[in-house]
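*Asks:* Handing you this structure, nothing more for now.
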Amino acid sequence: MNAPVKRIAILTSGGDCAGLNAILRAVVLRASALNWEVIGIKNGTHGLLCDPPKTQVLTVEDVETAILRQGGTILGTTNKGDPFAYPMPDGSLKDRSGEIIAALKKLGCEAVIGIGGDGSLAILQRLARQGGFHLIGIPKTIDNDLSMTETSVGFDTAVAVATEALDRLQPTAASHDRIMILEVMGRDAGHIALTAGIAGGADVILIPEIPYTLQKVAAHIESLRQRGRNFALMVVSEAVKTSAGETLTKAFYGNQHRLGGIGHYLGAQIADLCQAETRVTVLGHVQRGGQPSAQDRLLATAFGVHAVELIQAGHYDRMVGWSNRTVIDVPIDDAIRQCQQVGPEDSLVRTARGLGVCLGD
Ligand code: F6P
């Protein structure tokens with residue numbers, strides 16, 4: 001084998017999701033056909049803060065077909081520790097961006113492929129500008145909140161998991177005359193709740209973009225009862241607020257706060273208002289793990305191939321995306337400018353309303 005003609009780096013950053021390994025596979029296969037070397041950076045940008053940097057040459061043998069089906073990321077990832085305000089052991093915040101840029105320069109890579117959501121791509125874009133390196137972004141997020149792409153890697157699998165949860169909750173709800181509440185992830189966007197709610201036949205879908213009242217929800221459940229229904233299925237997005245307008249979060253080790261708790265809040269309120277038994281399921285990280293769906297494998301593969309071809313063509317600062325069954329690429333800045341939430345006239349909002357699903361308003 002001749003010496004590689006080009007070397008590129010790749011990292012996975014932010015919360016993991018299904019399909020990340022499928023992206024790595026596609027990038028390595030396409031790059032190796034061009035006789036390029038791919039350096040995998042471990043644990044997102046954290047790998048570059050280690051001395052020596054934690055990296056791994058990714059070969060075709062490393063990405064043989066088993067990896068296409070595998071959840072998680074073989075490179076590891078992180079969704080904390082912004083290098084521009086990095087938390088130090090003494091509690092202070094330090095700008096460590098210079099260390100990352102220096103480590104990248106040492107690797108001698110022509111370009112970096114960053115696989116991330118809006119937060120990670122914003123950080124990588126800032127690093128690229130400061131360090132003068134070339135960047136290509138690949139969108140991944142179960143939340144589907146990146147703009148300029150119809151969908152991101154990981155979303156379809158998360159929706160499939162949430163839909164399966166509703167499939168499993170419906171018979172037990174019907175057997176026990178219960179109102180079942182499923183709390184799903186999605187951060188400030190209600191895409192998972194809305195999409196899975198429709199696919200899984202939910203009666204009530206609450207998303208952060210549409211304000212609700214408990215009275216409207218209770219009245220809808222009562223109308224189902226009047227029709228002779230003995231159970232109800234409800235999906236709620238983690239960022240939906242309480243009726244007092246409070247966002248519920250939970251604290252985790254390391255002073256980290258994450259959304260969570262609205263399902264149990266609503267369970268208690270609705271039990272009182274409807275005089276019915278409620279049970280709450282918080283789906284959590286099962287939405288991120290497991291095998292990627294066929295759709296996520298396809299997206300991951302198409303995105304990975306296109307990312308390498310953008311570097312080959314010398315087109316940088318682009319994020320690959322999906323539109324009308326076609327891979328596209330857009331300026332990274334446009335994709336991260338604003339969070340892609342569910343719009344009031346979103347086609348699926350109209351579908352839900354057309355079905356008579358209660359959106360709480
Ligand atoms: O952004 C992906 C996501 O899974 C969100 O839906 C969720 O709010 C958050 O990450 C959970 O983060 P963590 O993995 O740190 O608990």
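The values are calculated or read from the model by the stated rules, or taken from the named source; none is laboratory data. Since the model is a prediction, treat every value here as computed from it, not as a measurement. Quick reminder, even Gly has a Cβ in these numbers, built from the backbone with ideal geometry, and neighbours come from all protein chains shown. Quick note on the areas: whole protein, heavy atoms, side chains included, nothing else; ligands and nucleic acids left out. Shrake-Rupley method; radii C 1.70, N 1.55, O 1.52, S 1.80 Å.
*Asks:* So in region 76-109, with the set limited to residues that are in contact with a helix residue (DSSP H, G or I) (Cβ under 7 Å, 6 or more places away or on another chain) and assigned to a loop (DSSP other than H, G, I, E, B), which one is surrounded by the fewest Cβ atoms within 10 Å (Cβ to Cβ)?
*Replies:* Only one residue fits best here, namely D95.
*Asks:* Please state which one of G254, G289, G267 is within 16 Å of the ligand (Cβ to nearest atom) and either within 20 Å of the chain's Cα centre (by Cα) or on the phi < 0 side of the Ramachandran plot (or both).
*Replies:* Within the list G254, G289, G267, the selection yields G289.
*Asks:* I'd like to check something: does region 283-291 contain any residue that is closer than 19 Å to V357 by Cβ, in contact (Cβ under 8 Å) with a residue 40 or more places away in the chain and β-branched (V, I, T)?
*Replies:* Scanning region 283-291, I find no residue that is closer than 19 Å to V357 by Cβ, in contact (Cβ under 8 Å) with a residue 40 or more places away in the chain and β-branched (V, I, T), so the answer is no.
*Asks:* Further question on the same structure: Considering only residues that are more than 25 Å from N144 (Cβ to Cβ) and in a loop (DSSP other than H, G, I, E, B), look in region 225-244 and name the one that is farthest from the ligand (Cβ to nearest atom).
*Replies:* Among those residues, the one meeting the criterion is G228.
*Asks:* Just for region 66-75: of the residues that are in contact (Cβ under 8 Å) with a residue 12 or more places away in the chain and at negative phi, which one is surrounded by the fewest Cβ atoms within 10 Å (Cβ to Cβ)?
*Replies:* The qualifying residue surrounded by the fewest Cβ atoms within 10 Å (Cβ to Cβ) is R69.
*Asks:* Would you list the strands (runs of 3 or more DSSP E) that sit entirely within region 255-361 and hold 2 or more residues that are of a type in the set (F, W, Y), open to solvent by less than 50 Å² (accessible area, probe 1.4 Å) and touching a strand residue (DSSP E or B) at 6+ places or on another chain (Cβ under 7 Å)?
*Replies:* Output list is empty.
*Asks:* Sticking with this structure for a sec: Among the numbered conditions (1) away from the ligand (no atom under 16 Å from the Cβ); (2) assigned to a strand (DSSP E or B); (3) surrounded by fewer than 18 Cβ atoms within 10 Å (Cβ to Cβ), tell me where I205 comes up short.
*Replies:* With respect to (1) away from the ligand (no atom under 16 Å from the Cβ); (2) assigned to a strand (DSSP E or B); (3) surrounded by fewer than 18 Cβ atoms within 10 Å (Cβ to Cβ), I205 is out only on (3).
*Asks:* Return the total of residues in region 214-246 being open to solvent by 60 Å² or more (accessible area, probe 1.4 Å) and under 20 Å from V184 (Cα atoms).
*Replies:* So the answer is 3.
*Asks:* Among the numbered criteria (1) in a helix (DSSP H, G or I); (2) buried (at least 24 other Cβ atoms within 10 Å of the Cβ); (3) away from the ligand (no atom under 16 Å from the Cβ), which one does S120 miss?
*Replies:* If we test S120 against (1) in a helix (DSSP H, G or I); (2) buried (at least 24 other Cβ atoms within 10 Å of the Cβ); (3) away from the ligand (no atom under 16 Å from the Cβ), just (3) comes out false.
*Asks:* To continue, here is another question. Does region 163-197 hold any residues that are within 12 Å of the ligand (Cβ to nearest atom) and either on the phi > 0 side of the Ramachandran plot or assigned by TED's automatic domain parsing to the domain that holds D118 (or both), and which are they?
*Replies:* G186, R187
*Asks:* Let me ask you something else. For region 14-30, name all the residues that are more than 13 Å from the ligand (Cβ to nearest atom) and open to solvent by 10 Å² or more (accessible area, probe 1.4 Å).
*Replies:* Once the filter is applied, which keeps residues that are more than 13 Å from the ligand (Cβ to nearest atom) and open to solvent by 10 Å² or more (accessible area, probe 1.4 Å), region 14-30 yields R25, L29, R30.
*Asks:* Out of all the residues in region 239-261, which are in contact with an Asp or Glu (Cβ under 6 Å, 6 or more places away or on another chain) and not small (G, A, S)?
*Replies:* L259
*Asks:* Within region 45-61, track down each residue that is surrounded by 14 or more Cβ atoms within 10 Å (Cβ to Cβ) and assigned to a helix (DSSP H, G or I).
*Replies:* Hits for region 45-61 are T45, H46, G47, L48, L49.
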